[in-house]
Amino acid sequence: MPAWRSVAEGLEIAVRVTPRASRDAFIAGTDEHFAVRLAAPPVEGAANAALIPLVARAFGVPKRAVTLISGDTARHKRLAIAGDADALAKIAASLYGAEP
């Protein structure tokens, strides 16, 4: 799967999470995923709990619009972002510094 793809409900993104970083950051990664650094540890869902608001801020959507689809305990995760697929794809492309 590429780093993001449009779906009927909005956008699906793939991320690779690095927990226990010095600060939270949501940045371009590879063609296959975004890179996410979280200050939270990977203990008892703390990293997943920190991931949702970080993604919501990056895409300008409410937290309730972001859902973890897979990878609950893995570094590689897939998330669904509800909203206008075209607008969300433009945001994803701008995070990579590319045109959609």
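The values are calculated or read from the model by the stated rules, or taken from the named source; none is laboratory data. Please read these numbers as outputs of a predicted model, since none were measured by experiment. Heads up, the Cβs are rebuilt from the backbone with ideal geometry, glycines too, and the neighbour counts pull from every protein chain shown. The area values use the complete protein model at the heavy-atom level, side chains included, leaving out ligands, DNA and RNA. Shrake-Rupley method; radii C 1.70, N 1.55, O 1.52, S 1.80 Å.
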Open item on the list: I'd like to know if segment 76-95 contains one or more residues that are exposed (fewer than 13 other Cβ atoms within 10 Å of the Cβ) and of a type in the set (A, V, I, L, M).
Closed with: no
Open item on the list: Going through ALA14, ALA40 one at a time, which residue ends up being at pLDDT 90 or above, out of contact with any strand residue (DSSP E or B) (no Cβ under 6 Å at 6 or more places or on another chain) and not in a helix (DSSP H, G or I)?
Closed with: ALA40
Open item on the list: Looking only at segment 12-27, count every residue that is surrounded by 16 or more Cβ atoms within 10 Å (Cβ to Cβ) and farther than 15 Å from SER70 by Cβ and tell me the total.
Closed with: 2
Open item on the list: Could you tell me how many of the residues in segment 2-22 are within 19 Å of SER94 (Cα to Cα) and either out of contact with any Pro (no Cβ under 8 Å at 6 or more places or on another chain) or among the hydroxyl-bearing types (Ser, Thr, Tyr) (or both)?
Closed with: 12
Task: Among the residues listed as ALA80, ALA92, the single one being within 12 Å of the chain's Cα centre (by Cα), in a strand (DSSP E or B) and closer than 16 Å to SER6 by Cα - done: ALA80
TODO: Scan segment 1-21 and report the pairs whose first residue is among the hydrophobic types (A, V, I, L, M, F, W, C) and whose second residue is surrounded by fewer than 13 Cβ atoms within 10 Å (Cβ to Cβ), with Cβ atoms within less than 6 Å and a gap of 6+ or a chain change.
DONE: ALA14/MET1
TODO: Those residues that are under 10 Å from the mean Cα position of the chain (by Cα), β-branched (Val, Ile, Thr) and open to solvent by 20 Å² or more (accessible area, probe 1.4 Å), I need them from segment 28-64; list them, please.
DONE: ILE52
TODO: Select from segment 58-72 the residues that are out of contact with any strand residue (DSSP E or B) (no Cβ under 8 Å at 6 or more places or on another chain) and closer than 23 Å to TYR96 by Cα and list them in ascending order.
DONE: GLY60, PRO62, LYS63
- [ ] Sort out which residues of segment 66-92 are touching a helix residue (DSSP H, G or I) at 6+ places or on another chain (Cβ under 7 Å) and acidic (Asp, Glu), and write them in order of number.
- [x] ASP72
TODO: Would you mind stating whether LYS63 is of a type in the set (D, E, K, R), without any contact (Cβ under 8 Å) to a residue 12 or more places away in the chain and in contact with a helix residue (DSSP H, G or I) (Cβ under 7 Å, 6 or more places away or on another chain)?
DONE: yes
